[in-house]
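The values are calculated or read from the model by the stated rules, or taken from the named source; none is laboratory data. As the structure is a prediction and not an experimental result, all values here were calculated from the model. Positions of Cβ are backbone-derived with ideal geometry, glycine not excepted, and every protein chain shown enters the neighbour counts. These area figures cover heavy atoms from the full protein model, side chains too; ligands, DNA and RNA do not enter into them. Shrake-Rupley method; radii C 1.70, N 1.55, O 1.52, S 1.80 Å.
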Amino acid sequence: MEEKLRQLRDWILECGSIVFFGGAGVSTESGIPDFRSVDGLYSQQYKYPPETIISHSFYIRYPEEFYRFYKDRMLYVNARPNAAHRALARLEAKGKLRAVITQNIDGLHQMAGSKEVLELHGSVHRNYCTRCKAFYDLDYVVKSEGIPRCSCGGMIKPDVVLYQEGLDDRIIRKAVAYIRNADMLIVGGTSLVVYPAAGLIDYYRGNRLVLINKEATSKDSQADLVISGSIGAVLETVAGI
Ligand code: NAD
């Protein structure tokens, strides 16, 4: 482990165009459960699996049920950035890291101070009326009873990419460009099973692909360095350079 951390630190010293690609595991140390670990949302008991409830068709058919789950299990208003978010913000401020590409919807990277954050799956902090497009913040949604409604009467939808919905093309193109031009790609806290997001890392052309995760992923064999452990602890150790 010591040897692997030293290797990662050396590469960070050598590189100036690092890109980070992350998922729900980046925020578990902030108290937000991920989807697939033992303690994650998938292991809890619901009438339907989260994948079904947070799908577009479910949202359209059963908006009340959707919002009950969404408010209960997807919103963590008191969550604060952890060591991983802070380390990445520090690396960006030092001119080492170009962008954070995240599958997370919690806004914690921005809260930690990261400037260039590409949110592949949107954000719980942005919400729009489906009728008049008026903007509503997270607080409004949290405080609403049942389905959040706009003053015009329209239903409010979070700017979050639900299952069955497409990703924003502009964000995808930007993410691909960052990954293609990266001299190091650090991938962390993601099971790499949600597509098309997970496929983005295939655009990396360099020889410093680093995976930091608590469990093995299907891409481990392609990586130049695999570190098994807590992303907060690993990034905190190496980002203080
Ligand atoms: P995932 O739940 O499928 O996988 C998370 C991975 O992170 C697991 O492999 C787990 O072993 C690892 N992990 C958990 N805690 C870790 C830690 N402290 N250090 C290192 N590794 C850790 O998550 P995913 O791949 O991001 O896919 C789930 C989808 O669900 C994403 O699209 C995301 O949008 C959404 N989601 C987002 C949040 C959030 O915004 N915080 C939370 C849950 C789910």
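For first residues located in the stretch 221-241 and free of Cβ contacts under 8 Å to residues at least 60 places away in the same chain, partners that are in a strand (DSSP E or B) and more than 15 Å from the ligand (Cβ to nearest atom) and lie 6+ apart or on another chain with Cβ distances below 6 Å form the pairs ALA223/LEU209; ASP224/LEU209. Only one of the listed residues (LEU97, LEU108) is touching a helix residue (DSSP H, G or I) at 6+ places or on another chain (Cβ under 8 Å), away from the ligand (no atom under 11 Å from the Cβ) and within 17 Å of ILE231 (Cα to Cα). That residue is LEU97. Given the criteria within 11 Å of the ligand (Cβ to nearest atom) and open to solvent by 70 Å² or more (accessible area, probe 1.4 Å), does ALA216 qualify? For ALA216, the condition - within 11 Å of the ligand (Cβ to nearest atom) and open to solvent by 70 Å² or more (accessible area, probe 1.4 Å) - is met. Counting the residues of the stretch 97-137 that are loosely packed, with under 14 Cβ neighbours inside 10 Å and either in contact with a Pro (Cβ under 9 Å, 6 or more places away or on another chain) or closer than 21 Å to ARG86 by Cβ (or both) gives 1. Among the residues of the stretch 138-159, those identified as hydroxyl-bearing (Ser, Thr, Tyr) and open to solvent by 30 Å² or more (accessible area, probe 1.4 Å) are TYR140, SER151.
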